[in-house]
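Data block below; observations after.
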Amino acid sequence: MRSFPNALCSCYDQSCLVRATSEEDMVSTDVWQVEQEAELLTEYGKVCVRWAAVDFKLYQMAAIALNNDLAAQRLIMGNAVSGRQRFEALKDIVGASGFDQTDRAEIFRFADNLLRLQKTRNDIVHSPLLSRLEVTEGKLRWYLVKFDRKGRQIQINLGEVREHVAQVGDLLRQIEDFIDTLIDKYV
């Protein structure tokens with residue numbers, strides 16, 4: 001086993017850095033334990049799928065505004081590497097488009113709501129998950145924590161992840177309906 005400085009691991013014996021011994025499945029014990037949580041993985045997968053759909057909806061709105069699929073693809077999917085850059089690119093495109101003020105305001109509202117949700121998305125997707133054991137009143141309890149960007153270890157709340165999935169899903173439905181309106185008006 002490799003040795004790492006304690007600063008990288010809050011557990012005293014660095015057990016969170018122990019590697020599986022099977023050559024076929026060389027993952028940390030934390031990864032292995034997280035992957036046993038089917039409900040959690042399902043919700044994390046939904047986060048990824050829904051945010052990929054958000055990117056595609058941004059592209060669709062840009063393509064309508066520009067009347068140019070290739071330019072929209074390059075500006076939204078190619079050049080803008082982060083979510084924030086995609087939202088800003090869409091706002092710039094829409095601001096210079098022939099869309100009326102009402103449609104522009106609606107797209108800006110969508111972008112602002114998505115930017116607000118993106119913080120939670122980033123926390124879900126980019127915070128490593130770690131397994132923890134605790135003995136309380138003689139009982140052993142296993143649980144998962146996320147290691148956030150501030151270095152805090154916060155117990156995973158599946159309900160919060162599900163709520164995020166639902167919020168993004170609701171917004172996606174609204175955007176899809178709005179794209180139909182844009183197509184009727186401008187294409």
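The values are calculated or read from the model by the stated rules, or taken from the named source; none is laboratory data. If you're wondering where the values come from, they're calculated on a predicted model, not measured in any experiment. Here the Cβ is made from the backbone with ideal geometry for all residues, glycine too, and neighbour counts use every protein chain on show.
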The number of residues in segment 116-159 that are in a helix (DSSP H, G or I), touching a residue at least 24 places away in the same chain (Cβ under 8 Å) and either among the acidic types (Asp, Glu) or exposed (fewer than 15 other Cβ atoms within 10 Å of the Cβ) (or both) is 3
When you check Thr102 against the structure, is it hydroxyl-bearing (Ser, Thr, Tyr) and in contact with a His (Cβ under 9 Å, 6 or more places away or on another chain), yes or no? no
Which of (1) more than 20 Å from the chain's Cα centre (by Cα); (2) part of a helix (DSSP H, G or I); (3) surrounded by fewer than 16 Cβ atoms within 10 Å (Cβ to Cβ) is the odd one out, the single condition Asp112 does not satisfy? (1)
Report yes if some residue within segment 103-116 is out of contact with any Asp or Glu (no Cβ under 6 Å at 6 or more places or on another chain), at pLDDT below 95 and of a type in the set (Val, Ile, Thr); otherwise report no. no
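One line per residue, one yes/no per condition, for (1) of a type outside the set (Val, Ile, Thr); (2) surrounded by 13 or more Cβ atoms within 10 Å (Cβ to Cβ); (3) over 17 Å from Gln174 (Cα atoms); (4) touching a strand residue (DSSP E or B) at 6+ places or on another chain (Cβ under 6 Å):
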{"residue": "Arg50", "(1), (2), (3), (4)": "yes, yes, no, no"}
{"residue": "Leu58", "(1), (2), (3), (4)": "yes, yes, no, no"}
{"residue": "Ala65", "(1), (2), (3), (4)": "yes, yes, yes, no"}
{"residue": "Ala72", "(1), (2), (3), (4)": "yes, yes, yes, no"}
{"residue": "Ser82", "(1), (2), (3), (4)": "yes, no, yes, no"}
{"residue": "Gly95", "(1), (2), (3), (4)": "yes, no, yes, no"}
{"residue": "Gln101", "(1), (2), (3), (4)": "yes, no, yes, no"}
Quick check on my filter: what residues within segment 24-47 are surrounded by 13 or more Cβ atoms within 10 Å (Cβ to Cβ), of a type in the set (A, V, I, L, M, F, W, C), within 20 Å of the chain's Cα centre (by Cα) and more than 14 Å from Leu171 (Cβ to Cβ)? Val31, Val34, Leu40
All-but-one check, Thr29 against (1) closer than 24 Å to Arg121 by Cα; (2) modelled with pLDDT under 95; (3) touching a helix residue (DSSP H, G or I) at 6+ places or on another chain (Cβ under 9 Å), failing number (1)
Out of Leu182, Leu171, which single residue is farther than 16 Å from Leu114 by Cα, assigned to a helix (DSSP H, G or I), aliphatic (A, V, I, L, M) and touching a helix residue (DSSP H, G or I) at 6+ places or on another chain (Cβ under 9 Å)? Leu182
So for segment 114-128 (the condition being touching a Cys at 6+ places or on another chain (Cβ under 8 Å) and more than 21 Å from Arg173 (Cβ to Cβ)), does at least one residue qualify? yes
Identify the single condition in (1) within 30 Å of Glu35 (Cβ to Cβ); (2) assigned to a helix (DSSP H, G or I); (3) in contact (Cβ under 8 Å) with a residue 12 or more places away in the chain that Phe87 does not satisfy, given that it satisfies every other one. (1)
Filter segment 1-26 down to the residues that are modelled with pLDDT of 50 or more and aliphatic (A, V, I, L, M) and list them by number. Met26
